Each structure stands twice: as C-alpha cells, then as structure tokens.
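Accompanying notes for the structure given below.
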C-alpha cells in the first residue's frame, strides 16, 4: 500500500508540473523532471571520500556521490522541500553507489547483511513536508543494493526537541546546536550499519548521529551521502 501511495504522489506531482509549466529541477530550463543535459552531467560524477575542514570529532568515514553544486542543490531541494518524488529514484541511485563504494572499501563481503540508518529530520519538518525525504531515499537505495548485499533500513534515530534550524549556522554553531540532538528510538537489529543522508556540510550531523550509534554499541562502517559541500579551511 505504501508503494502504491508513493507512486500516486509521483503521478500527481507530474500532472501538476505539466499543468503549471514544468522546468528542470537541476538547471531550470523548460522540461519535466530532469533534462538530458543534467542527467548526462550527473552520470559522469563518481563517488569519492569526503571530509569537512575543519572536521568535527567523531566524524565517520564518509563517501559522497558528488560535490554539492547548483545541480545537486536543485535536485535535493526539489525532492525535500517541494515533494518532487519523481527524483527519489535518481537520488537513491547516487546514494546506493556511495554506499557500495564504502562497503567495498571497508571489506564488507557480498551476501553479508547491512542496515542503512537514515539521519532523521525534525518531526515538524516531516509533518510540513508530508514525508521523510531521507528515509524514502534510503528505502529506495536499499532495494538497489539488495542484488549484492542483504540490505535493510532502520529508522533508529530521532531528533531531540530543541534542535534549531541549521540554515545559516557556521561549523561551530552547528556542532553546538546538534550536541545531544539525536537519540536512539529503536534498536538496530541488523548489523553492521551505514549512516545515510542527502548532504554533508560541516559534518556535525553525521558526527552526532555516529556518536549515538557507537554509544549503543552498533558497529558502524561509515556514512554515505548523495552530496558533500566543498569545504576548505581559509
């Protein structure tokens, strides 16, 4: 039932785009969904390791599928803020690729189970958007990974009340804002785990989420994201 509901939402969003005048989510040209040029540009990008600078303590080994630029900003924001669910599969492909690179490098053997743990959004944001974008993306990425790894998804983390909106905060402020910002809401029954998110900027979110999992003695292989901000120390 959930899959059919998601598909109906995709069709409804597509119909709305066509009626209102569609534009490419990546570059803004007249197109429904993502134009061929943006698809081609995205297909040329390969996942790579990323590490913010300065790097917060406890930041996990992380692979991102691409640098966060105008193209990825458009796709991620459209998916998360404008409920462009037609982008879920494309972003999940990128997330699955990042996860596969991480698992291969960490020596995780094919046919060994792994669980994806999505970084949670605030409950208020989920209510406003009508869905949890990272959770939806993680489930879609898990389906893609199952041809090689028995992959499940555990929504094991939740945000603690009092965490402010991260927009506009610098690295130090983000780290302070997120200190103690997550809690374990459910045990992780399949081990080991990979944290997944759409974007890594200062690294504070992944570091805090990793801290909670490690404290719960969850074996953490690292993190995988769709994109990473290009951050360098001045």
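Just to check your reading of the model, which residue among 142, 133, 125, 158 is farther than 16 Å from residue 219 by Cα, in contact with a strand residue (DSSP E or B) (Cβ under 6 Å, 6 or more places away or on another chain) and modelled with pLDDT under 95?
Of 142, 133, 125, 158, the one residue that is farther than 16 Å from residue 219 by Cα, in contact with a strand residue (DSSP E or B) (Cβ under 6 Å, 6 or more places away or on another chain) and modelled with pLDDT under 95 is 158.
Please enumerate the residues belonging to region 185-200 that are at pLDDT 95 or above and touching a helix residue (DSSP H, G or I) at 6+ places or on another chain (Cβ under 9 Å).
193, 194, 195, 196, 197, 198, 199, 200
In region 40-54, which residue that is more than 19 Å from the chain's Cα centre (by Cα) and touching a residue at least 12 places away in the same chain (Cβ under 8 Å) is surrounded by the most Cβ atoms within 10 Å (Cβ to Cβ)?
The qualifying residue surrounded by the most Cβ atoms within 10 Å (Cβ to Cβ) is 41.
Are any residues in region 60-100 within 22 Å of residue 112 (Cα to Cα) and in a loop (DSSP other than H, G, I, E, B), and if so, which ones?
60, 61
State whether the residues of region 77-93 include one that is within 17 Å of residue 159 (Cβ to Cβ) and either surrounded by 14 or more Cβ atoms within 10 Å (Cβ to Cβ) or at pLDDT 95 or above (or both).
yes
The values are calculated or read from the model by the stated rules, or taken from the named source; none is laboratory data. On a predicted model such as this, the values are computed, not experimentally measured, just so you know. Note that each Cβ is placed from the backbone with ideal geometry, even for glycine, and that neighbours are counted across all protein chains shown.
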